[in-house]
Amino acid sequence: MFIAVPTRHKAPPRWATPLLFASLWLCFTWVTLLPDAEQRQLLMEWAALSGGLAGPETWWPWLRGGSLRLVSALFLHADWAHLLGNLVFLLIFGLPAERAMGPWRFLALFLLGGAIANLATVAAIATPDRLIIGASGAVSAMIGAYLALFPGARLGVVVPLGVFLQFVRVPAALLIGLWALLQLVFTFIGPAFGAVAWSAHLAGFTFGGAFALLARAGIARRMRRKRGY
């Protein structure tokens, strides 16, 4: 008598999130090792700059000259706190989002969402030549996509309780609230300088949610293939 044994599909390794994590870390480390004058020059050449979007007629010329900056600015950070805040949430939400979306779709979400978030910030700042840096907009896009895909999700986190570490599962919305609080701190004492960064976060979050909803059919097909259906 023969018995059908269901095939176990081994999940492919998630490489996009570790790649982004390493890229953000290495770029920041490399920049901090440069002399101050070279750091300033690099920021002026690769950060997104505000201004230049006074009216619709200025958008296309600005995008032709500054579109690359919208992406390169994602890999520049002002200090360790700015970097680590983004890295923590990249790992928390990036790994499960990549598992559902696949690495290439996830990379597109991160880079496009971050670029659109930076563009929104460029448009929101009236003062010209203000530096716009950091991956917060891209992380916001990733979080928006995660919530759209898993609205009732619970995530496992390790909580220090005295000398012990306790693994608990908490609603994703709670962790997102923590992320929002962290961004609020950056708004007042970090590189955001006031409420400017919220335009990037809102634009990134909105883009990420829309991206996930539009790609939902493709993501569902991918998940069925992984399960062998």
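Bear in mind these aren't lab numbers, they're just calculated from the coordinates by the rules spelled out. Predicted, not measured: the structure shown is a model, and the values here were computed from it. Don't worry about glycine lacking a Cβ; one is built from the backbone with ideal geometry, like all the others, and counts go over all protein chains shown.
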Could you tell me the calculated FRET efficiency between Trp25 and Leu181, based on Cβ-Cβ distance and R0 = 22 angstrom, to the nearest 0.05? 0.40
Return the long-range amide H neighbours of Ala48 (sequence gap of 5 or more, or a different chain), with a cut-off of under 5 Å between placed amide H atoms. Ala73, Ile132
For a quick check: with amide H placed at 1.01 Å from N, whose amide H comes under 5 Å from Ala215's, ignoring anything fewer than 5 positions away on the same chain? none
I need the peptides 199-205, 118-124 ranked by packing, meaning the mean over residues of other C-beta atoms within 10 angstrom, with the highest value on top. 199-205, 118-124
Amide hydrogen neighbours beyond the local backbone of Arg154, cut-off 5 Å, H modeled: Ala172
